[in-house]
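Q: I'd like to ask some things about the structure below.
The values are calculated or read from the model by the stated rules, or taken from the named source; none is laboratory data. Please read these numbers as outputs of a predicted model, since none were measured by experiment. When we count neighbours, we look across all protein chains shown, and the Cβ atoms used for this are built from the backbone with ideal geometry, even at glycine.
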Amino acid sequence: MRRLRTCPGFTLIELILVLVVGGIMSMVAIRSFSQVHGSLGARTAQSTFTGMHAQARAISVEHGVPVLLRVDPQSGVVSIQNLNGDILRSRDFADSYDVTIGTPNGVVDLCMVPRGFADPRCGNVNDRTEITFTLGNRVRSVALLPLGQLVEE
């Protein structure tokens, strides 16, 4: 009686099954990663804006001159400027974080004075102004108050 030899290895069906399961798991991982990426980008943009707000206040107090924190949603740039228009610090949020900045009425100017608060007469923040950072379906926001306070939402 002759025995059938079995060859070690996998059958074609087993290989196809492994590839299909691997493909499904890869799709789930990629979808989860894109959601995390959106959340992190928006959160990082919000955090960077909070830091720039603090820098504007510190520069004004330290140098004894008013400075302007300017948010330009069209270009996606947030900058700290003196009143002559010279840029002291600038960050392109659209390029750096791939976020879209949203404001209620176009460009937002918050004028920080050396006493450590904002003066609505040289800026355009006269009431609560919400600034949003959007990446995909993830949105983070901050609110600027007339005297320069920042509220993270």
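Q: Scan the range 59-81 and report the pairs whose first residue is free of Cβ contacts under 8 Å to residues at least 60 places away in the same chain and more than 11 Å from Val108 (Cα to Cα) and whose second residue is buried (at least 18 other Cβ atoms within 10 Å of the Cβ) and of a type in the set (Gly, Ala, Ser), with Cβ atoms within less than 7 Å and a gap of 6+ or a chain change.
A: Qualifying pairs under 7 Å: Pro66/Ser60; Val67/Ala56; Val67/Ser60; Ile80/Ala56.
Q: Pairs please, first residue from the range 41-55 and in contact (Cβ under 8 Å) with a residue 24 or more places away in the chain and at negative phi, second anywhere and surrounded by fewer than 19 Cβ atoms within 10 Å (Cβ to Cβ) and part of a helix (DSSP H, G or I), Cβ atoms under 9 Å, 6+ apart in sequence or on different chains.
A: Pairs found: Thr44/Ser96; Ala45/Ser96; Thr48/Ser96.
Q: Within the range 90-132, take every residue that is in a loop (DSSP other than H, G, I, E, B) and polar (S, T, N, Q) and give me the one that is modelled with the highest pLDDT. Give the steps one after another, and end with the answer.
A: Within the range 90-132, the first condition is being in a loop (DSSP other than H, G, I, E, B), and the residues that meet it are 98-99, 103-107, 113-117, 119-128.
Cutting the leftovers down to polar (S, T, N, Q) gives us 103, 105, 124, 126.
Values: Thr103: 95, Asn105: 89, Asn124: 91, Asn126: 89.
Residue satisfying both the conditions and the ranking: Thr103.
Q: Within the range 60-89, how many residues are touching a Lys or Arg at 6+ places or on another chain (Cβ under 8 Å) and part of a helix (DSSP H, G or I)? Quick ask: steps written out before the conclusion?
A: Looking only at the range 60-89, we keep the residues that are touching a Lys or Arg at 6+ places or on another chain (Cβ under 8 Å), and these are 61, 77-81.
Going one step further and asking which of them are part of a helix (DSSP H, G or I), we end up with 61.
Total meeting the criteria: 1.
Q: Same structure again: Of the conditions (1) in contact with a Cys (Cβ under 9 Å, 6 or more places away or on another chain); (2) modelled with pLDDT under 85, Cys7 clears all except one; give me its number.
A: With (1) in contact with a Cys (Cβ under 9 Å, 6 or more places away or on another chain); (2) modelled with pLDDT under 85 applied to Cys7, the lone miss is (1).
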